[in-house]
Amino acid sequence: KHNYNAHNIPTFLSMKYLENQFKAFREKTAEAMPSSDWTPFEINRSLPPERADIVIVGGGVMGWSIAYWLKQKEKIREGVRVLVVERDPTYSQASTVLSAGGIRQQFSLPENIVLSIASADFMRNINKHLSVLNEDPVDLQFNHSGYLFLASENVAQIMEENYKTQRYVGAKVALLSPTQLKEKFPWINTDGIVLASYGLENEGWFDPWTLLNAFRRKAISMGVYQCFGEVTGFKYTTNSMNTAEGNKLDFQRIKYANVQMPNSLEYQPVECAIVVNAAGAFSGKVAEMMGIGLGLKDTIAGVPLPVEPRKRFVYVVHCPDGPGLETPFLIDYSGVYFRREGLGGNYIAGMSPEEEEPDTSNLEVDHQFFQEKVWPRLAHRVPAFENLKVKSAWAGFYDYNTFDQNGIVGNHPLVNNMFFATGFSGHGLQHSPAVGRAIAELILDGGFQTLDLSAFSFQRIITQEPMLEKNIV
């Protein structure tokens with residue numbers, strides 16, 4: 001029978017155990033190639049190494065943040081061998097770079113608020129963390145214009161409750177009456193608005209591609225290996241035990257991750273001690289490769305990782321007489337949002353679908369959705385948008401957590417060397433700096449040290465205790 005610590009991690013997955021695993025890999029590698037501590041395969045840059053201590057599935061901003069923090073925490077150089085596997089070399093379908101790039105503290109759950117505060121602090125001081133010798137400093141193009149939430153009579157009370165929580169946790173937020181709102185933003189039509197909530201600091205938007213590249217550049221400079229390929233399966237061992245009630249439990253340990261090379265039948269098994277599932281919208285499929293969710297109903301093995309892709313459209317519009325430079329990231333109670341994009345009278349806008357979810361087999365944009373759903377709401381809230389023109393549009397995937405639309409952070413109770421960092425349902429980009437640190441702490445320290453994210457564990461899905469945001473939209 002296995003004992004568990006406070007973070008639901010078996011005690012045999014302790015630092016001592018991991019160190020022994022890592023040491024065994026070193027010795028095995030040294031035997032394979034006495035003159036070096038690595039294998040001949042490392043020479044071929046297109047192939048992943050034969051061995052890595054930690055394999056991160058997914059080279060989006062979350063994966064690279066985790067890789068950076070793992071190297072940041074290692075005690076000696078090359079103490080932890082980290083490999084990041086990304087299946088899309090062009091990042092043309094990556095959720096990170098297709099997002100609207102916002103960061104806000106206006107959540108209802110204290111855990112999400114502190115994640116935002118910590119991540120905003122990281123971004124403000126990004127060159128202390130991610131600068132690389134002889135390389136240009138990182139410029140996130142962080143625009144601190146804040147988020148502006150607008151509430152109708154139906155949801156004003158929720159906004160007030162959220163405001164109290166935000167202030168208590170340390171976020172700088174102000175409530176505005178319709179009169180104060182009109183004074184500050186005269187271009188808004190206040191019809192139907194009872195209350196507004198405005199972020200005063202650490203809120204706004206930034207360039208997602210720059211953040212992803214900054215994490216990647218720094219992590220690679222610290223010795224992280226990257227590989228473009230797709231993890232298609234795992235080799236693992238199984239240990240069975242019986243519970244006090246007489247039920248059989250199968251504990252699995254991943255030994256190898258199989259990495260398929262792009263446009264090739266060739267694949268490379270990578271021996272590893274730990275796998276981090278940061279595969280975003282496709283992390284549910286990665287979990288299924290280990291049988292997660294495929295067991296008998298009403299058993300732990302039968303509980304799936306409830307993450308699937310959901311397609312969202314982002315439209316770029318041009319409106320020379322629009323709100324102008326002081327535009328915040330505005331979220332209306334009707335569901336529509338917009339923010340300024342650059343300085344030339346451009347804005348990006350969108351909203352989540354109200355009824356049927358769009359087809360996720362492609363990234364095609366539904367332009368009719370803008371005409372019928374988005375534009376009327378935009379023009380109602382900001383009359384100047386009556387005269388906008390759509391310049392371009394794109395679609396991206398959310399890693400949508402169907403259970404409670406919040407992140408899943410931590411390991412799986414039966415596959416205890418697979419860690420999750422997924423399911424953020426649209427706020428993974430903004431929380432990636434803090435979540436990356438948390439996962440590195442879980443793996444290398446055996447528990448959370450800086451922020452306690454145990455409420456986001458997989459356990460809540462097993463026990464059916466959702467962590468729901470109280471949203472005004």
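The values are calculated or read from the model by the stated rules, or taken from the named source; none is laboratory data. Just so we're clear, the structure is a prediction, and the values are computed from it rather than from any experiment. Cβ: placed from backbone, ideal geometry, glycine included. Neighbour counts: every protein chain shown. Accessible surface is based on the protein model in full, side chains and every heavy atom, while ligands, DNA and RNA are left aside. Shrake-Rupley method; radii C 1.70, N 1.55, O 1.52, S 1.80 Å.
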Bridge orientation stat for the chain from DSSP, antiparallel percent rounded to 5, came to 75 percent
Once both label points are put 7 Å beyond Cα along the C-beta direction, the THR232-TRP209 separation in nm becomes 3.1 nm
Going through LYS128/LYS218; LYS235/LYS285; LYS71/LYS218; LYS73/LYS218; LYS255/LYS297 one by one, the pairs whose alpha carbons sit over 20 Å apart turn out to be LYS255/LYS297
Scalar couplings 3J(HN,Hα) for the range 154-170 by Karplus 6.51 cos²θ - 1.76 cosθ + 1.60 (θ = phi - 60°), nearest whole Hz, x for Gly and Pro, are 4, 10, 4, 5, 4, 4, 5, 5, 4, 4, 4, 4, 4, 5, 4, 6, x
Counting only protein heavy atoms and rolling a 1.4 Å probe, one gets per residue an accessible area for the chain in Å² of 44 Å²
ILE462 and ARG124 label points (each 7 Å along its Cα→Cβ direction) are spaced in nm at 3.9 nm
Stretched fully, the stretch from GLU245 through THR299 gains (0.36 nm per residue minus C-alpha distance, one decimal, in nm) 18.1 nm
Quick note, the range 250-319: a/c under 1.5 would make it rounded; otherwise a/b > b/c is prolate and the rest oblate (a ≥ b ≥ c, C-alpha gyration tensor); here it is oblate
So the carbon and sulfur contribution to the accessible area of the range 367-460, 1.4 Å probe, in percent, is 47 percent
Normalised per residue, the volume inside the convex hull of the alpha-carbon atoms of the chain in Å³ amounts to 156 Å³
Quick tally, 1.4 Å probe accessible area for TYR267, TYR163, TYR68, sorted with the most first, runs TYR267, TYR163, TYR68
Summing -39500 (n - 2.57) over every DSSP H run of at least 4 in the chain, dividing by its residue total and rounding to the nearest 500, the 222 nm mean residue ellipticity is -7500 deg cm²/dmol
Site LEU265, offset 7 angstrom along Cα→Cβ, radius 11 Å on amide nitrogen, limited to the range 209-243, gives none
Computed from the beta carbon distance with a Förster radius of 30 Å, FRET efficiency for GLU364 and LEU343 to the nearest 0.05 stands at 0.50
Distance in nm between GLU372 and GLU161 label points, each 7 Å along Cα→Cβ, equals 3.4 nm
